[in-house]
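Colleague: Before I ask anything, let me first share the structure, which is written out below as structure tokens.
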Amino acid sequence: MRNIILADNQDISNAGWQFLFQNIAEEKVIEEVMEKKELISLLIASPNSLVILDYTLFDFESVNELLILQARFEETDWILFSDELSDEFLRILLYNTQSFSVLMKDSSRDEIYSALKEALKGNRYICNHVSNILLDNSKNSQNQGLRSLLTATEQEILKEMA
């Protein structure tokens with residue numbers, strides 16, 4: 001049996017997760033926390049938990065603090081469930097650990113179920129929206145890197161040649 005910790009300050013989100021858990025067959029204990037101190041206490045008691053966290057509404061100061069917490073509780077899996085996460089935040093988090101799944105609050109029910117099932121198995125899940133953001137930004141940064149290799153005059157010549 002695996003504990004599930006809901007770390008979200010919005011009652012509607014917690015109610016939605018409770019509804020979704022009814023359709024998951026396995027036995028589970030669901031705890032709700034409203035601040036980081038409560039979360040740490042529960043993780044100490046049950047380090048093999050799944051934490052569903054809205055980072056933007058919780059009392060974390062930086063992505064590094066979240067990475068330190070994940071390193072401290074290595075057996076814990078995480079689902080970040082938020083309205084908005086910055087590109088830099090996502091890059092730092094996803095490139096430094098495999099323990100975090102990422103969902104946006106406007107994700108479809110199918111994506112939410114998929115993320116939940118994968119996270120309960122210990123696998124990472126990244127929603128389509130976040131994947132597209134990371135891929136688009138990766139392409140844009142590659143294009144910017146190529147442009148910076150050329151002077152303004154060289155760029156103009158290249159445009160004319162094309």
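Colleague: Taking only pairs six or more apart or across chains, which ones have beta-carbon atoms under 6 Å, a first residue in segment 21-42 that is closer than 15 Å to A119 by Cβ, and a second residue that is modelled with pLDDT under 90 and loosely packed, with under 14 Cβ neighbours inside 10 Å?
Modeller: none
Colleague: Can you tell me which of (1) touching a Phe, Trp or Tyr at 6+ places or on another chain (Cβ under 6 Å); (2) without any contact (Cβ under 8 Å) to a residue 12 or more places away in the chain is the one E65 doesn't meet?
Modeller: Checking E65 against (1) touching a Phe, Trp or Tyr at 6+ places or on another chain (Cβ under 6 Å); (2) without any contact (Cβ under 8 Å) to a residue 12 or more places away in the chain, the one that fails is (1).
Colleague: Okay, moving on. All but one of (1) loosely packed, with under 13 Cβ neighbours inside 10 Å; (2) assigned to a strand (DSSP E or B); (3) among the polar types (S, T, N, Q) hold for N3; which doesn't?
Modeller: Just one mismatch for N3, condition (1).
Colleague: Of the numbered conditions (1) among the polar types (S, T, N, Q); (2) open to solvent by less than 60 Å² (accessible area, probe 1.4 Å); (3) at pLDDT 80 or above, N123 fails exactly one; give the number of that condition.
Modeller: Status for N123: all satisfied but (2).
Colleague: Still on this structure: Given the residues K117, K139, which is the only one that is over 14 Å from the mean Cα position of the chain (by Cα), modelled with pLDDT of 75 or more and not aliphatic (A, V, I, L, M)?
Modeller: K117
Colleague: Further question: Exactly one condition in (1) without any contact (Cβ under 8 Å) to a residue 12 or more places away in the chain; (2) assigned to a loop (DSSP other than H, G, I, E, B) is false for F60; which is it?
Modeller: In the conditions (1) without any contact (Cβ under 8 Å) to a residue 12 or more places away in the chain; (2) assigned to a loop (DSSP other than H, G, I, E, B), F60 misses (1) alone.
Colleague: Only residues that are in contact with a helix residue (DSSP H, G or I) (Cβ under 8 Å, 6 or more places away or on another chain) and either over 22 Å from S49 (Cα atoms) or touching a residue at least 60 places away in the same chain (Cβ under 8 Å) (or both): list them for segment 110-139, please.
Modeller: I112, Y113, L116, N128, V130, I133, L134, N137
Colleague: If you don't mind, another one. From the residues in segment 42-64 that are among the acidic types (D, E) and open to solvent by 50 Å² or more (accessible area, probe 1.4 Å), which one is nearest to F89 (Cα to Cα)?
Modeller: Among residues in segment 42-64 that are among the acidic types (D, E) and open to solvent by 50 Å² or more (accessible area, probe 1.4 Å), the one nearest to F89 (Cα to Cα) is E61.
The values are calculated or read from the model by the stated rules, or taken from the named source; none is laboratory data. Predicted model only: the values in this text are computed from it and were never measured. Every residue, glycine among them, receives a Cβ derived from its backbone with ideal geometry; neighbour counts consider all protein chains shown. Accessible surface is based on the protein model in full, side chains and every heavy atom, while ligands, DNA and RNA are left aside. Shrake-Rupley method; radii C 1.70, N 1.55, O 1.52, S 1.80 Å.
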